[in-house]
Amino acid sequence: MSPLNSPFLFTIAGLVASNVFMTFAWYAHLKTLNHKPWVVAALLSWGIALFEYLLQVPANRVGHAVMSVGELKILQEVISLSVFVPFALLYLREPVKLDYLWAALCLLGAVFFMFRERLLGA
């Protein structure tokens, strides 16, 4: 079986790809369009966000067949932070902050609690 035939892996791949578009839609204009009127940035961001939704909606539909909504949400948040931090550091040239580590540790705790039945077989 191909890895993308797995609903879990399909969902993860779709959410990662959608988060790349989401992050660019939400934040890239801060660097590239900061001299333009906000409406220009908003319209461009909406155009980029269309691709986010074209990936996110099928990923969540497939994922919901094997995960609860809570599990999907926590997965989304982990992926979001995993995409955002490198984007902030590399593209926006934000300084490295220890707060990113603390946020990641909090999310790992959330992952544990949302997926503990699967992880522990309880």
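Key figures
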quantity	calculated
Overall Cα dimensions of the chain - principal axes, largest extent first, Å	54, 34, 24
Angle between the chain longest axis and helix 69-86 axis [Cα atoms, degrees, rounded to 10]	40 degrees
Helical mean residue ellipticity (222 nm; -39500 (n - 2.57) per DSSP H run of 4+; nearest 500) of the chain	-24500 deg cm²/dmol
Residue-wise HN-Hα coupling along the stretch 107-119, computed from phi with Karplus coefficients 6.51, -1.76, 1.60 (Hz; x: Gly, Pro)	5, 4, x, 4, 4, 4, 5, 6, 10, 4, 4, 5, 6
Cβ crowding within 10 Å averaged over residues, with 94-106, 43-55, 70-82, 17-29 ranked highest first	17-29, 70-82, 43-55, 94-106
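Read-outs: derived from the displayed coordinates by stated rules, not from any lab. Quantities reported herein were computed from a predicted structural model and do not represent experimental measurements. Every residue, glycine among them, receives a Cβ derived from its backbone with ideal geometry; neighbour counts consider all protein chains shown.
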